[in-house]
Every structure is written in structure tokens, then in C-alpha cells.
Amino acid sequence: MSTAAVTDKRPNSLRSGHLPKWSPWAIAGGSVVVAAGIGLGAGLSSKVEWGLIAAILYVLGTFVIATMVEGKRQAKDRVATSLVWVAFLIAVIPLVSLIWTTVKRGVKVLDPYFLTHSMGIVADSEPGGGIYHAIIGSLEQVGLATLIGAPIGVLTAVYLVEYGRGKLARAVTFFVDVMTGVPSIVAGLFILSLMLMLDMQPFGFAGSLALAILMMPVVVRSTEEMLKLVPNELREASLALGVPKWRTILKVVLPTSIGGITTGIMLAIARIAGETAPILLLVWGNSFINNNPFSGAQQALPLYIYQQYANSSGSTAAYDRAWAASLTLIAFVMILNLVARGIARWKAPKTGR
Amino acid sequence: MDISTKTTDASPPTPQPAAAGKRGAARSTSRPGDRIFLGLSRGSGILLLVIMAAIAVFLTYRASLAISKDHGNFLTSFEWNTNIDPPVFGIAVLAFGTVVSSVIAMALAVPIAVAIALFLTHYAPRRMSGPVAYVVDLLAAVPSIVYGLWGALVLVPHMNGLFGWLNDYFGWTGIFSWDGGAPRSMLTVGILLAIMILPIITNVSREVFRQVPQMHEEAALALGATRWEVIRMAVLPFGRSGVISASMLGLGRALGETMAVATVLSPDFDIHASLLNPGGGTFAQNIASKFGEATEQGRDALIASGLILFVITLLVNGAARAIIARRKEYSGANA
């Protein structure tokens, strides 16, 4: 026993045995084959179970083989590596499945007719109808929310970065952080409590107000980060030329960081475009076209998806519409994201580093 | 413009005598433009504070209306009958469901998210990590209702196998017993929430791991550490506060998540020991599901439950901030 312990300790990583480079792949392949064997033998129908068995075998196999050949420390390292890979693969599966299902089932009814017609009198369980009313509603509500939320957010960020000293700035910073965590349904309830007090009926702009509340902290955070990236030399150069501070901010600081600010705003728009809960409480939904966000119930894409799912009692036509609307919504959000990132890369401030 | 050419000094004194006279010498902002701009930006900062205060005040007011009429115990009643007179409702079931589903989500999501963040920063081949990080970014933007639709129509049918297995081997614990009904239960909700908050936790953790000083890692490597030891000794200690804040962000989202829970869960108003049998509810889900049929009195009751949710998320976020602030003082490096 004692001699074994001594000989175990002596070899260092330079002299001890090494597994060949292909060994992780070999172990992975082996564990998949064994897992398939077990799965077939035990009659497990679910492929998910096969995968989990394979993952466990892979981690265990790596540990055992590496301990035998390379020693404890290397084995731990290899186990960590394999765990990280397994975690990555586990996470990828649902995410890929989500995108794949949405695209596959979404394209079924997604055509120009679907995009240019409202539901009208089409019953939830019947095929036909479209999302035109929902697109109009979403665009108006999100647009109005952006008109309110973006300027306030940017100005607050300017205050925090350019002027913010003392208690007020610290309070604002703290509450912006807190506000980021306000659930969307709470923002909806807040506006709802106002509407209850003023005895108002649901309408689109109420939803916009809730969305604006959700948007502001996101815009503040991202704009703040961008303004902090602007080199101080630029501000000092401008101030040294005698330019007033407000003109320095408007003409030097904001233009320098405009790319990042736009990106932040677009990402915030992408976030609020998918919010359902406040719309459900405040805008109600409507199967007809209502172009006026200031009066009467409207529809919005996320709410449309929910209602097609929830009110249809399992009709395939409604599910198809829900998937198609999901695909439209995801496409909208993704395009916003891609464009925003494009702008960020194109207009990135030159920090000189 | 001619004013600006006259000021040769930096900011403090301005050549406009009227403005300089009115304001104290210590104030640097005495031009009208400056004052207006400062007023605007400070005003929007104050507006944010006012909105937060207004949320608290209005929710509390409406909630107090509802709770004063409540004939049950608001904290312990296992009932939500708001349309009868007098109404009987309580939040015990909702609080339980919210905590359980969020705990499941965190237990599943945090380890995997940290692993993915490590994968992206330290393990993945360089050619792979860029696109994968990009995909994770995009997935963070997928609307929750789409997750909900996917969860209800794709994830739920796939849970039967797992539920059966859990029931066979762990059913004796009571937590994993299953009566074979549709798997629209707290565990499914927790798994779906875990998937939803995964991208956020991953993104924030990744940013933190990326900021680990190269020197620390190289020093560890130079001492002969394996890659795992580098991560354990240099990367994780540095990133701990970041990971905590990322997890709290995820937790906040899981607590307040509405639509995904509302589509997947088949709710009732009881506390179940089993995570696999359908039933239970969360604050947000209950608001969304009960809102349609609620009278004004019922809406006030829902607002009261929303107030509790608001307070919980405030506490979670405040705690996260406090942890980060304290960690920052100790770790000399902050980003």
C-alpha cells in the first residue's frame, strides 16, 4: 500500500503517461455506443434518456481512464472539461429545438395573406385569418413606448455620467438597477391601478406606458456604458476650446457614442416587443383592426400568440397561427438584434486602445 | 458662439455677468443652455425615481383596498375567490409555487450557465466560441411567450419519459411521485424557466470571466496548474460576485415570468408535495390567468398579489446589489 502511494505521488505531469489527443472523442464515441446498447436492451423509448446515459458514461469513463493513465489532477481537469462540454450540449438541445420547431411549424401558414389580414370574424378554431391587426398594434405600442422611454433613458444616462455626483445620482443608479428587475406584469399592474382609478377602458397607449417603464432602465444601463467609453480627452479638448458643457455633450459626447446608444435602444425595443403580460392587462386584444392606439382595445403579436394558444382549446389551425406569429415575432426581434449589432460594430467608438 | 471664444479658462467663471451674479461662484453651470440641459437630464433621473415611488404607492393603495375587504387571511388562505362578496383570497399557494419553480430553475440553470460561460471563454475552440456566443446572445432575446408556446406544445409531451423514470425510482420520496396526468407541473415549469434564464446568466457570467486578468491565469499556469485548477484558483474567485449578480438577474426573471408559466402550468389552488403532479400556481401566472374574469374587486386582489411579487423582486435585486458592492470593495480589481 505504502509503496503504491509513494509511486503515485512521484511522477509529475511532465513524465507521467499522457492520453492521446483523440481520446476524448474515443471515450465519447464509446459511451454513446454503450448508451445506445443499454437503451435498446432496457427498452427505453426516449432518446433524451439515451443521451443522458451517454453523458454520464462519458464523464465517468473520462475520469476512470484518465485516473489510470495520467493521475488524479489530470483526471480532475479532464472531468471538468468533459462536464463543460456536456453542459454545453445539454443547453444547446432545447435552444435548437425551440428555433427548429418555430421555423418548421411557423412556415406552414406564414404567407402574404397571413401578414395582411386580421382575424376579423374567423373563429379561433377555424383556419384562416392573419396577424395584420397584431402587427399594427405591436408597431404602434412599441413605437410610442420608444418615443417615451428612449429620450428619458438617454437623458438619465447623460445625467449619471456627465453630471451625476452626490446622493441623487447614487439613488438614481440604485433604482435603475432595481427597476431592471421589475417584472413586466408588475409594470402592467401599476398602469392598471392608474386606469382603475381614472375609470378607463383598455387602450393601446396604456400598454405603451407600461412598456416604456420596462424600457427605460435597459436604455439607461446601455447608454451609460457607452458614454463611459467616450475618452475624457475628447470632452476636455472641447471644454478647453470654450464650448459650453451642454454643447460638448450634444456635439461631442453623444455623436461619439451614437452607435452604441442606438444599439442599446434597439435591443431594448427587441425586449419590449416580446412582452405579453402588460399588453394582456392593459390592451386586452382585439380580433379586428384598430389603428388608433388612444382608444379601444388593440392587438399585439405576443398577446395574439397567447390567445391563439389559450382560447382555441387545442385546434390545430390556431396552433399553426400561433407558431406563424411566433416566427414573425422572432424574426422581428432577431432582425432588430442583428441590425443593432451591425450598427455597434460599424460605429464603435475608437477608444485608442 | 462669441461667448465661447472669450472664455479662456476651463469651465468655472463665465463672462456673462448677469448669470454669474445670480449663481454662486462654485456653480459651473450658469449658461442658460447648460441650465436647461442639466434640468432636463436631472429631471429624467428624478422622473425614474418618481415612477418607482409611484409603482409602490399605487400598488399599495389598491392592495390595501383589496386586503381590507378580504374575508380570508391574505397570507395563509388556500383560496382565490374574489368575485364573491365578501371575497376570500390568500397568497400562500402562490408564494410557495413561485419559490419552488424559481428554486428548481436556479438549481438547474446556474451550474449549466456557468459551465457554458466557461466553455465560451476557456474551453471552446476559438472558431467556435464566437458564433456560439452570438447565438446565446440572440436566444436571450427570444420573447417569453415563444418559450411558453414551445414549452406547452413541445417540452410537455417530452416530459412523460423523465417523469415516469423519476416516479419509478424516486417516487417513494413523495416529491417525485406522479399520478400519470399531463406533466404540466411545477417541475416542467422549473425546467422551462431554467432554459429561459440560461442565456442571461451565461451572458453576464461570460462577460465577467472574460475580464479575469490574464496575469492571474498565466501565473497559475506557470506554477504548473491544470486548466481546471486555473479556473478554480483564478477565474472562479474573480468572477464570483459577477456570477452571483448574474444568477440574481436570472432569479428576478424567473420570479416574475408570466406567460411561460401561464401556458405550461395547469394550476389549482393547493400546495402539493409532489413536483410532478399538476397544480399550484405562481404570482405572475395567477394574475394572467385570473385577470380575464376578474371584477374590479378581483383586480384589486390581483394587484395585491402583484405588490408582494414586486417586493420580493426588490429584495432579490437589492440583495444582489449589496453582495456585488461588498465584493467590489475587497477585490481590488473591478471592471
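In the range A:120-209, what trypsin sites (Lys or Arg not before Pro) fall in a loop by DSSP, with at most 14 other Cβ atoms inside 10 Å? Working shown, then result.
Working: sites: A:Arg165, A:Lys167, A:Arg170; in loops: A:Arg165.
When the trypsin sites (Lys or Arg not before Pro) of the range A:120-209 are filtered for loop state and at most 14 Cβ neighbours within 10 Å, A:Arg165 remain.
Tabulate in residue order the Karplus-calculated ³J(HN,Hα) for the range A:261-274, using 6.51 cos²θ - 1.76 cosθ + 1.60 with θ = phi - 60°, rounded to whole Hz; enter x for Gly and Pro.
Going residue by residue, I get 5, 4, 4, x, 5, 5, 5, 5, 4, 4, 5, 6, 5, x Hz, with x marking Gly and Pro.
Considering all alpha-carbon pairs of the protein assembly as shown, what whole percent are spaced by more than 41 angstrom?
On the way: 85194 of 236328 pairs.
Result for the distance tail: 36 percent.
Please list the non-local residues whose amide H lies under 5 Å from the amide H of B:Gly279, H modeled 1.01 Å from N, same-chain partners needing a gap of 5 or more.
Close amide H contacts, sequence-distant or interchain: B:Met186, B:Ser266, B:Asp268.
Could you go through the range B:87-99 in sequence order and give the Karplus-derived ³J(HN,Hα) for each residue, using 6.51 cos²θ - 1.76 cosθ + 1.60 with θ = phi - 60°, rounded to whole Hz, and x for Gly and Pro?
So the J values, rounded to whole Hz, are x, 10, 7, x, 9, 4, 4, 5, 4, 4, x, 4, 5.
What residues in the range A:133-180 lose 30 Å² or more of accessible surface when the other protein chains are added to their chain alone (1.4 Å probe)?
At a threshold of 30 Å² (probe 1.4 Å), the residues of the range A:133-180 that become less exposed are A:Ile152, A:Leu155, A:Thr156, A:Tyr159, A:Tyr163, A:Leu168, A:Val172, A:Phe174, A:Phe175, A:Asp177, A:Val178, A:Met179.
Whole number in Å², please: accessible area per residue of the range A:270-353, 1.4 Å probe, ligands, DNA and RNA not counted.
Numbers: 3370 Å² over 84 residues.
Accessible area per residue, the range A:270-353: 40 Å².
Probe radius 1.4 Å, ligands and nucleic acids ignored: give me the carbon and sulfur share of the accessible area of the protein assembly as shown as a rounded percent.
Numbers: 20530 of 31030 Å².
Of all accessible area on the protein assembly as shown, carbon and sulfur atoms account for 66 percent.
Give the Debye-formula value of log10 I(q)/I(0) at each listed q (0.13, 0.19, 0.24 Å⁻¹), with one equal scatterer per alpha carbon of the range A:12-104, two decimals each.
Listed by q, the Debye log ratios stand at -0.53, -0.91, -1.16.
Got a sec to turn the phi values of the range B:57-65 into Karplus ³J(HN,Hα) couplings, 6.51 cos²θ - 1.76 cosθ + 1.60 with θ = phi - 60°, whole Hz, x for Gly and Pro?
Each residue's phi maps through the Karplus curve to give 5, 5, 4, 4, 4, 5, 5, 5, 4 Hz.
Enter the accessible area per residue of the range A:68-139 (Å², integer; probe 1.4 Å; all protein chains in place).
Numbers: 3720 Å² over 72 residues.
Per-residue accessible area for the range A:68-139 comes out at 52 Å².
Mind checking the angle between helix A:23-42 and chain A's longest principal axis? C-alpha axes, 0 to 90 degrees, to the nearest 10.
90
Could you state the accessible area per residue of chain B in Å², with a 1.4 Å probe and every protein chain left in place? Numbers along the way, then the final one.
On the way: 14510 Å² over 335 residues.
Accessible surface, normalised per residue, equals 43 Å².
Cα axis of helix A:166-180 to longest principal axis of chain A: angle in degrees, 0 to 90, nearest 10?
70
Return, for the Cα atoms of the range B:109-170, the radius of gyration and Dmax in Å, separated by a comma.
15.9, 43
What FRET efficiency comes out for the pair A:Phe288/B:Val135, r = Cβ-Cβ distance, R0 = 45 Å, nearest 0.05? Show your work: numbers first, answer last.
Numbers: r = 38 Å, r/R0 = 0.85.
Computed FRET efficiency for A:Phe288 and B:Val135: 0.75.
Between A:Asn311 and A:Ser295, what is the spin-label point distance in nm, taking each point 7 Å from the Cα along the Cα→C-beta axis?
2.3
Nearest 100 Å² is fine: how much accessible area is buried between A and B, summed over both sides, with a 1.4 Å probe?
On the way: alone 20340 and 18330 Å², together 31030 Å².
For chain A against chain B, roughly 7600 Å² becomes buried.
Checking the table A:Lys167/A:Lys245; A:Lys76/A:Lys104; A:Lys104/A:Lys347; A:Lys21/A:Lys47 against a 32 Å threshold on Cα-Cα, which pairs fail? The partial results should precede the final answer.
On the way: A:Lys167/A:Lys245 22 Å; A:Lys76/A:Lys104 41 Å; A:Lys104/A:Lys347 36 Å; A:Lys21/A:Lys47 29 Å.
Flagged as over cut-off: A:Lys76/A:Lys104; A:Lys104/A:Lys347.
For chain B, modelled as a Gaussian network with Cα springs under 10 Å, which listed residue fluctuates most, B:Gln285, B:Gln297, B:Gln214?
Looking only at B:Gln285, B:Gln297, B:Gln214, the biggest GNM fluctuation is shown by B:Gln214.
Write down the radius of gyration of the range A:116-346 and its Dmax, each obtained from C-alpha positions, in Å.
20.4, 70
Under a 10 Å cutoff between Cα atoms, tell me which one of A:Ile289, A:Ile38, A:Ile335 has the largest fluctuation in the Gaussian network model of chain A.
A:Ile38
Between A:Lys72 and A:His18, what is the FRET efficiency for a Förster distance of 22 Å, r being their Cβ-Cβ separation, to the nearest 0.05?
0.90
The values are calculated or read from the model by the stated rules, or taken from the named source; none is laboratory data. Quick caveat, the model's predicted, so the values are computed rather than measured. Here the Cβ is made from the backbone with ideal geometry for all residues, glycine too, and neighbour counts use every protein chain on show. Keep in mind that these areas ignore ligands, DNA and RNA; they rest on the heavy atoms of the full protein, side chains included. Shrake-Rupley method; radii C 1.70, N 1.55, O 1.52, S 1.80 Å.
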